[in-house]
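Since every read-out is calculated from the coordinates, none of them should be taken as a lab result. Everything numeric here is computed off the predicted structure, so don't read it as measured data. Cβ placement follows ideal geometry from the backbone for every residue including glycine, while neighbour counts extend to all protein chains displayed.
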Amino acid sequence: MKSSRLFMGGEWIDGASQFEVRDKFSGEPIATVAAASREQVRKAVSVAAAAFARTRLTPAARYQFLHRAATLIETRRDEIKATIVAESGFTLSDADGEIARTIQTLLLCAEESKRIAGEMVPLDGAPGQEHRLAFTLRMPIGVVCAITPFNSPLNTVAHKVGPALAAGNAVVLKPATQTPLTAAILCEVLAEAGVPAGFLNLVQGEGSDVGEWLLQEPQIGFYTFTGSTRVGAIIQRAIGLRRSQLELGSISATLVCEDADLDRAVPRCVNASFRKAGQVCTSVQRLYVHRTIVDRFTQALVEATGKARVGDPRDPETLVGPMISALEAERAADWVKEAVQQGARQLCGGRREGALFYPTILVDVTPTMRVMCNEIFAPVISILAYDSLDAALTEINATPYGLAAGIFTTNINTAMKAARQLQVGTLHVNETSSSRVDVMPYGGVKDSGFGREGPKYAIQEMTEERLITWSLY
């Protein structure tokens with residue numbers, strides 16, 4: 001059985017206690033992981049602050065170690081893939097996708113580290129200021145705390161740690177307790193790639209203690225978090241005037257219009273709804289389908305879903321592996337049963353085997369059902385027929401969330417109307433809500449959070465603008 005320790009000041013150390021990580025499909029224990037004490041959390045932050053105060057990371061140095069880290073990820077692909085599958089339950093294809101995207105994320109961070117720049121400010125345009133010049137610099141903030149989720153145990157970690165280092169900051173990382181092993185490998189890779197001691201520190205443990213302790217550390221200047229809206233609100237209240245980037249909950253919707261290409265829409269909706277067992281912030285939860293095509297679309301979707309293999313994530317043909325725990329799968333099953341009792345019809349799925357929950361499609365749902373008004377975070381979608389695009393857009397906007405949406409249409413006017421009216425961080429035309437490319441700005445509005453990921457945009461979040469003025473005389 002593997003073991004994983006804490007990392008701070010360039011050294012791997014024992015924690016104050018340990019917790020166990022289990023294989024999400026078999027349930028067998030696969031590792032013991034060190035949990036940090038209050039004092040060790042304080043030390044990790046102090047080490048990061050001292051490293052930042054002591055050493056300025058040049059853009060060239062940042063580029064070199066981030067670029068090398070991308071290369072080293074590829075050399076450890078098999079190990080990383082096996083770890084992701086074991087601790088997250090994600091399929092081989094999902095794990096491969098995580099690794100491929102992480103390599104690109106680190107390469108993007110490396111490139112962007114060389115392009116951090118301010119701008120000229122035209123002070124001489126103001127009366128009486130003809131003798132003055134002004135420009136801005138982008139400066140690192142200091143210590144960045146990254147708190148990451150289980151549902152992207154490698155790439156989301158890279159999206160937080162990579163830009164923070166690219167901007168010249170020091171980092172304290174706390175990964176999800178369900179998936180700490182992959183994050184530890186990334187730390188090993190970055191250390192081997194040349195990140196100076198103290199600029200990357202790993203602490204592990206429950207959010208209710210380690211996470212809470214991190215919020216109490218005044219030397220942390222920036223928090224980047226992906227997780228629930230409830231926890232995001234706790235973080236923001238605790239950190240006060242310090243800055244943050246929060247990627248929070250969602251009830252993501254995708255529209256399928258009467259002129260949509262169903263051959264394109266159906267397979268994309270299946271993948272976006274059920275990959276990673278529906279445990280993605282942008283997974284399709286609500287499908288709005290125009291009434292003139294809803295029967296044809298629903299039949300095609302049910303048929304395609306029925307062909308999706310559910311089970312062992314190590315089987316290359318599996319599309320849907322286990323959820324993160326049997327408890328979460330039981331919760332999803334309860335929500336579906338409740339919806340059916342309230343009048344919804346279940347067209348497929350609804351079956352649970354331990355942590356496995358079979359892809360489920362519901363119709364005849366109502367707005368007050370939990371499967372509609374709460375984030376289910378499971379392989380469950382609800383299909384709603386609509387007649388009026390305006391009414392569908394209004395209903396989508398009525399949720400407190402606004403992370404991403406998708407729309408399938410061949411009509412540019414329809415697409416632009418949705419783009420202007422939907423209150424979301426991203427709208428994907430002829431893709432689902434769950435489409436993401438790592439180069440793009442990614443984040444939400446309303447209760448889905450604020451700030452943007454994507455290396456270029458995250459670096460802007462994790463730096464401060466400093467104005468310099470110069471009087472010429």
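With only the Cα atoms considered, the chain has a convex hull volume of 153 Å³ per residue. Annotation: the antiparallel percentage among DSSP beta bridges lying fully within the chain is about 40.
From the alpha carbon centroid of region 189-210 to that of region 228-278 is 27 Å.
Taking one quarter of the surface of the C-alpha convex hull of region 19-69 gives a mean projected area of 6.0 nm². Here the contact order of region 231-349, divided by its residue count and restricted to Cα pairs under 8 Å and six or more residues apart, works out to 22 percent. Rg over Rh for region 1-157 works out to 1.11, both radii taken from alpha-carbon positions and Rh defined as the Kirkwood radius.
Of the cross-linked pairs K24/K337; K24/K160; K24/K174; K276/K417; K114/K446; K81/K160, those separated by over 22 Å at the C-alpha level are K24/K337; K24/K160; K276/K417; K114/K446.
Here the chain is treated with +1 on each Lys and Arg Cβ and -1 on each Asp and Glu Cβ, and its dipole about the Cα centre works out to around 700 debye. A simple packing score, the average count of other Cβ atoms within 10 Å per residue, orders the peptides 321-331, 234-244 as 321-331, 234-244, with the highest score first. For region 253-446, the alpha-carbon radius of gyration amounts to 0.96 times the rule-of-thumb value 2.2 N^0.38 Å expected for a compact globular protein. Modelled this way, with points 7 Å down the Cα-to-C-beta line, the labels at S93 and M440 are 2.0 nm from one another. Fewest neighbouring Cβ atoms within 10 Å first, the residues M8, M416 line up as M416, M8. I'd like the orientation of helix 294-306 relative to the chain: the angle between its Cα long axis and the longest Cα principal axis, in ° from 0 to 90, rounded to 10. Rounded to the nearest ten degrees, it is 70. Going by alpha carbons, how many degrees (0 to 90, nearest 10) lie between the helix axis of 262-274 and the longest principal axis of the chain? Approximately 70 degrees, to the nearest ten.
The C-alpha atoms of the chain define a longest principal axis, and helix 326-341 lies at about 40 degrees to it. Compactness check for region 36-102: Cα Rg over 2.2 N^0.38 Å is 1.54. Counting charges near Q40 (Lys, Arg +1; Asp, Glu -1) among other residues having Cβ under 13 Å from its Cβ returns a value of 0. For the chain, relative contact order (Cα pairs under 8 Å, six or more residues apart, normalised by length) works out to 18 percent.
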